[in-house]
Amino acid sequence: MHYRLALLLVAWLGVHAQPPAPTDLRMTTMHVRGADSCRLDVYAAVPYGWLRFTPGEKAHFASYRLTVTITDTLGRLVAERSLDRTIEETDRRVASGATDAADITQTTVGLLPGTYRVELRAGDQLSNRQQRTQQLVTIPDYHRLTVGLSGILLVQRIEERNRRYVITPIVGSDISLFDNGFFAFFELYAAPNQELRVRARVLDSSTTVVATSWQMLRTDSTGLAQHFLRLVPPIRRMPQGTYLLRVEASTDTALIRAASERTLELRYGASSSVFADISKAIRQLRYIATQAEIDSMLAKPTDAERRAAFEQFWQEHDPTPGTLRNEAFEEYFARVEYANRNFRSYAEGWLTDMGMVYIVLGEPSSVERRVNPYDNRSLVIWTYARLNRRYVFVDNTGFGDYRLSPSTPFFLSEKYRYSQQQ
């Protein structure tokens, strides 16, 4: 098989109650041996929930520009590629970001062996919003190795079409949605027609093996073997955190001749971005924690101690202690992410008045939009029938910066409560 000719890049469409639909730009890289040097494949996933769609007669449309920039260890530009994409989506719910849909692309760059910084930038054409992410990549000199392994690509689905394998890659490191397992795709380089034992393992932070798979592989007449190994970690029994996927090639005497590895992330209910900036995650607790609790967590001297305090806080607010999932944590940060996606104005969505009310009380039972006939200002009215409450938001600037009307105040003393306890 030859995966370059058979790679299928598709929008990832999935509907899951938890975790919330992702809005972060995601990237995965895979380096392989080329004819003369090496090749780096950069996979990008731009979530529909981050893009701004405009309605058309029969579909919704979004456009964005994706730029891949590669620099060396001295910061010198090595390569840059730009791609303009237009997305057409007939399902309004999908276009609104209610699912896990993402536009997946692949960019290929030829590189010499070395260490590089790969930066991915996405710019939404309608909103002018920008996102970026980056990754360090070290490419070995495959042509000097007796035995070598390429980078590892995670694959969620493999199909055979016209005697070729068509694959759908997993872009990013989060494996929380793949209860039924996934595939590790890689290339093996050795002498022509050489047989080696290749093993893939998923290891936790204490190097305990949580999943393993192996296969005897024989290279072809060019010294190449391409293969998929299926791994089925017990995801729902694994604590959230960072794991290591390691692939090793060894002889029949168990001598390891080559290895390749990459990290995996397992997060329940909230994306890895919640933990990427722990100080910000603590500040986002303003709608459930007291200011004294927030100050106490932020006062910890290191990120590790702040994260420990953050996790202890959520243990104390876990509605189902003794289980791996914390439904209150999941719901709370699902609301934070929804607010950031839908209510952003001059501030991030979780800091706006709409974000505040939504995070504390959840989705309103009805939403009404109207224009005030006296001053032509736009109004949005949220009604919470079960609470017998009504909140009026006014766009005073004309730029979508909705503020609570003084006639319907909301007080910070009111805190979030897990919905099943309300």
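The values are calculated or read from the model by the stated rules, or taken from the named source; none is laboratory data. Bear in mind the structure is a predicted one, so any value in this text is a computation, not a measurement. Here the Cβ is made from the backbone with ideal geometry for all residues, glycine too, and neighbour counts use every protein chain on show. In case anyone asks, the SASA skips ligands and DNA or RNA and just uses the protein heavy atoms, side chains included. Shrake-Rupley method; radii C 1.70, N 1.55, O 1.52, S 1.80 Å.
Return the residue satisfying two criteria in turn: it lies in the stretch 93-112 and is buried (at least 16 other Cβ atoms within 10 Å of the Cβ), in a loop (DSSP other than H, G, I, E, B) and not acidic (Asp, Glu), and of such residues it is modelled with the lowest pLDDT.
For the stretch 93-112, the residue satisfying everything is ALA98.
For LEU153, work out the one condition from (1) within 30 Å of LEU74 (Cα to Cα); (2) at pLDDT below 95 it doesn't fulfil.
It fails just one condition, (2).
Here's a check for you: in the stretch 83-92, which residue that is among the β-branched types (Val, Ile, Thr) and in a strand (DSSP E or B) is least open to solvent (accessible area, probe 1.4 Å)?
Ranking the qualifying residues of the stretch 83-92, first place goes to ILE87.
Among residues belonging to the stretch 242-252 that are more than 29 Å from the chain's Cα centre (by Cα) and of a type outside the set (A, V, I, L, M, F, W, C), point out the one that is surrounded by the most Cβ atoms within 10 Å (Cβ to Cβ).
Applying the filter and picking the extreme gives SER250.
Can you find a residue in the stretch 306-328 that is in contact (Cβ under 8 Å) with a residue 12 or more places away in the chain, of a type outside the set (Val, Ile, Thr), farther than 16 Å from TYR416 by Cβ and touching a Gly at 6+ places or on another chain (Cβ under 8 Å)?
yes
Can you give me the number of residues within the stretch 135-164 that are surrounded by 15 or more Cβ atoms within 10 Å (Cβ to Cβ), of a type in the set (Val, Ile, Thr) and closer than 18 Å to ARG33 by Cα?
Summing the residues that are surrounded by 15 or more Cβ atoms within 10 Å (Cβ to Cβ), of a type in the set (Val, Ile, Thr) and closer than 18 Å to ARG33 by Cα in the stretch 135-164 gives 4.
Which of the residues belonging to the stretch 309-325 are among the polar types (S, T, N, Q) and out of contact with any helix residue (DSSP H, G or I) (no Cβ under 7 Å at 6 or more places or on another chain)?
Across the stretch 309-325, the qualifying residues are GLN312, GLN315, THR323.
Looking at the stretch 287-308, which of its residues are at pLDDT below 95, surrounded by fewer than 17 Cβ atoms within 10 Å (Cβ to Cβ) and touching a helix residue (DSSP H, G or I) at 6+ places or on another chain (Cβ under 8 Å)?
Selection gives ASP303 alone.
Starting from residues that are open to solvent by less than 70 Å² (accessible area, probe 1.4 Å) and outside any helix (DSSP H, G or I), keep the ones in the stretch 318-343 and report whichever is farthest from TYR358 (Cα to Cα).
Here the residue is THR320.
Please verify whether the stretch 411-420 includes one or more residues that are in contact with a helix residue (DSSP H, G or I) (Cβ under 7 Å, 6 or more places away or on another chain), buried (at least 18 other Cβ atoms within 10 Å of the Cβ) and small (Gly, Ala, Ser).
Within the stretch 411-420 (the criterion being in contact with a helix residue (DSSP H, G or I) (Cβ under 7 Å, 6 or more places away or on another chain), buried (at least 18 other Cβ atoms within 10 Å of the Cβ) and small (Gly, Ala, Ser)), the answer is no, since none of the residues qualifies.
Somewhere in the stretch 274-285, is a residue open to solvent by less than 70 Å² (accessible area, probe 1.4 Å), of a type in the set (Ser, Thr, Tyr), at pLDDT 90 or above and within 23 Å of VAL357 (Cα to Cα)?
Yes, that holds for at least one residue.
If you check LEU224, LEU264, LEU255, which single one turns out to be buried (at least 20 other Cβ atoms within 10 Å of the Cβ) and hydrophobic (A, V, I, L, M, F, W, C)?
LEU264
Of all residues being β-branched (Val, Ile, Thr) and farther than 30 Å from SER96 by Cβ in the stretch 57-82, which is surrounded by the most Cβ atoms within 10 Å (Cβ to Cβ)? Just the residue, please.
In this case the residue turns out to be ILE70.
Looking at this structure, is THR23 at pLDDT below 95, among the hydroxyl-bearing types (Ser, Thr, Tyr) and under 20 Å from the mean Cα position of the chain (by Cα)?
Yes: the conditions hold for THR23.
If you take just the helices (runs of 4 or more DSSP H) that sit entirely in the stretch 247-312, which of them hold at least 2 residues that are of a type in the set (D, E, K, R)?
278-283, 291-298
Which residues, counting only those in the stretch 357-377, are open to solvent by 20 Å² or more (accessible area, probe 1.4 Å) and either at pLDDT below 85 or touching a helix residue (DSSP H, G or I) at 6+ places or on another chain (Cβ under 9 Å) (or both)?
Scanning the stretch 357-377 gives TYR358, GLU363, SER365, SER366, PRO373, TYR374, ASP375, ASN376.
Please enumerate the residues belonging to the stretch 37-63 that are in a strand (DSSP E or B), more than 14 Å from ARG26 (Cβ to Cβ) and in contact (Cβ under 8 Å) with a residue 60 or more places away in the chain.
Once the filter is applied, which keeps residues that are in a strand (DSSP E or B), more than 14 Å from ARG26 (Cβ to Cβ) and in contact (Cβ under 8 Å) with a residue 60 or more places away in the chain, the stretch 37-63 yields CYS38, ARG39, LEU40, ASP41, THR54, ALA62, SER63.
Would you please list the contacts, defined by Cβ atoms under 7 Å and residues six or more apart or on different chains, that run from a residue in the stretch 374-394 that is small (Gly, Ala, Ser) to a residue that is modelled with pLDDT under 95?
Going by the 7 Å Cβ cut-off, the qualifying pairs are SER378/VAL371; SER378/ASP395; ALA385/SER365.
Just to be sure I understand the filter: pairs with C-beta atoms under 6 Å, separated by 6 or more residues or on different chains, first member in the stretch 115-134 and open to solvent by 30 Å² or more (accessible area, probe 1.4 Å), second member outside any strand (DSSP E or B). Which pairs pass?
If the second residue must be outside any strand (DSSP E or B), the pairs left are THR115/THR73; LEU126/ARG52; GLN131/LEU25; THR133/LEU25.
I need the full set of residues from the stretch 64-82 which are over 17 Å from ALA122 (Cα atoms) and outside any loop (DSSP other than H, G, I, E, B), in order please.
THR71, LEU77, VAL78
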